[in-house]
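> Right, I'll just put the structure down here and ask away after.
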């Protein structure tokens, strides 16, 4: 019996155990996911094989990047058969060839973070997005409160943001997306909002009524919907409260809620989440959600040992 | 040399060591403060003497309530020489006579919480406010996500709210205020916002750009300004970030920032805060800020032992 989640136009059939990993392999947990022009799925994870590629049926195609990525964090697909990988543990961004992970461009110095909150790139950068002209935005991140804008060939053009709660200030800049009109959407995670900027960092709007928005995904079109992975409550004071996530919300281009799924509490059921951290949508509207389940488990269940296996990726097939 | 904090019309001279406690007495920490029409100051603390009263120069007048208040949380001043005390540890609200603390009305059953998130009063209720007709609003709290409205004589009229992040939903309902026009302002702490409702719980607006708004105070007039105590970053991921509080913000009746006090980081300097939890303003505009410094110390400074005498109350004299 298929499990259906979501509501309205955004309803999904859960595809359990979609990814067929080689025997003995594991994601450990998934930082982010991307889908290429052929609907192949790129799973950027924190196991021994940081990049695993699957076809849309979950058949394993290849892996690359072994030993090269200390802590997988963000994925953005380039238009030229490239993928932008952001590694917060290494404080770098790499543009890689889809086929084999060959590094085409590198931003930041691997293993050499800029000073904490210096505003200089990078201190645990988190994600990447491209402008309509191919300029590169980098969200940065855990140890900065900053967005950087680079030319397509990697020259730093400008940066904006500082720590705080006002418009244009950030409290964990966790993910970044763009649309075909050039707007820039920033998941300002611990300010519990998404901020919208023009292409040069001018504040335009914010979306509220969210809980720790963490992963965001938009298709690169005009006025696209936004898929948001929200983290749940992990402070002693609200850990047991229902209805705060972890969950996935789909909102329109003005931030209006269209669909939401996830159980009232964190959990391991197919309908529940632990840490929806990276999202991607394929040409058919099917959704992939990668989760940092390993990291999140002790925050939700401090007294319960981690199970040997925790789900960290699931496919949601859109019901049309 | 006097230390001046704040900006614009809301600038203050810090009065250090204002309260002259009897020898050997301590607040431990201060949950809330109230000021009566004579500008006497009621300090609701978590030490052995839960209510201590001072005149405006800090001279000790009297104490009451010993042994009667398991965990002081909120103060609201009644118009009839009464004070409403909310105790979250005991799950009750008491209307008391100012002079001696005689209990005039009690809501809730001391020591008997309603089931967690049942919506029934109370589970760790937090604060109280009065409507223009004298009806009593109670914010509730840590173990409910609810506002209750009572008749002046204590009959439950209605309740609203549930756990969540949408308008009308709450994530730690921590303080509540009213104004002379009947609007109800709720510090929805872990949703990082203040929500505004009409007197019957109809959602009207929300104020954002805040960090964990915790204590609210408004003078009971038309379109009053709001004094907001904001907690600082309590999660490891943002604990070291500057510019997130703890701090005090003063906003106008639409939530627009007018003045802000506090250093970039939590601390014990006169200009900084640890946990500004309860605020009150006297007839001259002088501000009193009570802090839950004992409770918050380990969250802000993990591994560092509590200093013997953390400041839990400070007076800020308005500069006219």
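Nothing in this text is a laboratory measurement; each read-out follows from the coordinates by a stated rule. Worth saying up front: this structure is predicted, and the values here are computed from it rather than measured. Every residue, glycine as well, gets a Cβ built from its backbone with ideal geometry; the counts of neighbours run over all protein chains shown.
> What ranking do A:303, B:291, A:120, A:66 get, fewest neighbouring Cβ atoms within 10 angstrom at the top?
The order, fewest Cβ neighbours first, is A:303, A:66, A:120, B:291.
> Between residue A:269 and residue A:151, what length comes free when the chain is fully extended (0.36 nm per residue of separation minus the Cα-Cα distance, one decimal in nm)?
Once the chain is fully extended between residue A:269 and residue A:151, it gains 38.1 nm.
> Would you calculate the separation in nanometres between label points at residue A:61 and residue A:180, each defined as 7 Å from the Cα along the Cα-to-beta-carbon direction?
2.4 nm
> Any idea how far apart residue A:133 and residue A:71 come out in nm if each label point goes 7 Å out from Cα toward Cβ?
3.4 nm
> Classify segment A:167-320: rounded, prolate or oblate, from the alpha-carbon gyration tensor (a ≥ b ≥ c, eigenvalue square roots; a/c under 1.5 rounded; otherwise prolate if a/b is larger than b/c)?
Oblate, since a/c reaches 1.5 and b/c is not below a/b.
> To the nearest 500 deg cm²/dmol, what mean residue ellipticity at 222 nm is calculated for chain A from DSSP H runs of n ≥ 4 alone, each contributing -39,500 (n - 2.57), summed and divided by the residues?
Helix-only estimate at 222 nm: -500 deg cm²/dmol.
> In addition: Taking R0 as 56 Å, what's the FRET efficiency between residue B:103 and residue A:4 from their Cβ-Cβ distance, rounded to 0.05?
0.55
> At what distance in angstrom do the alpha carbon centres of segment B:120-191 and segment B:54-81 lie from each other?
Between the Cα centre of segment B:120-191 and that of segment B:54-81, the gap is 22 Å.
> Residue A:25 to residue B:81: FRET efficiency via 1/(1 + (r/R0)^6), r the Cβ-Cβ distance, R0 60 Å, to the nearest 0.05?
About 0.25, to the nearest 0.05.
> Pull out the extension gain between residue A:239 and residue A:204, defined as 0.36 nm times the separation in residues minus the alpha carbon to alpha carbon distance; nm, one decimal.
9.3 nm
> Within 10 Å of each Cβ in B:140-148, how many Cβ atoms from other chains are there, averaged over the peptide?
1
> Need one word for segment A:231-320: rounded, prolate or oblate. Basis is the Cα gyration tensor (sqrt eigenvalues a ≥ b ≥ c); a/c below 1.5 gives rounded, then a/b vs b/c decides.
Oblate, since a/c reaches 1.5 and b/c is not below a/b.
> Taking Cα atoms of segment B:79-196, Rg/Rh with Kirkwood Rh, to two decimals?
0.95
> For A:126, B:165, what's the fewest-to-most ordering of other Cβ within 10 Å of each Cβ?
Final ranking by Cβ density, sparse to dense: B:165, A:126.
> Shifting gears a bit: To the nearest 0.05, how large is the calculated FRET efficiency for residue B:252 and residue A:48 if R₀ is 45 Å and r is the Cβ-Cβ distance?
0.20
> Is segment A:32-98 best put as rounded, prolate or oblate by its Cα gyration tensor, with a ≥ b ≥ c the root eigenvalues, rounded for a/c under 1.5, and otherwise prolate when a/b is larger than b/c, oblate when not?
Oblate, since a/c reaches 1.5 and b/c is not below a/b.
> Extent of chain A along each principal axis, from alpha carbon coordinates, in Å, largest to smallest?
Dimensions of chain A along the principal axes of its Cα atoms: 52, 42, 41 Å.
> If you don't mind, there's one more thing I want to ask. Over the protein assembly as shown, what per residue volume does the convex hull of the Cα atoms give, in whole Å³?
Convex hull volume per residue, Cα atoms: 159 Å³.
> What is the distance, in nm, between label points placed 7 Å from the Cα along the Cα-to-Cβ direction at residue A:162 and at residue A:120?
Those two pseudo-labels are separated by 1.8 nm.
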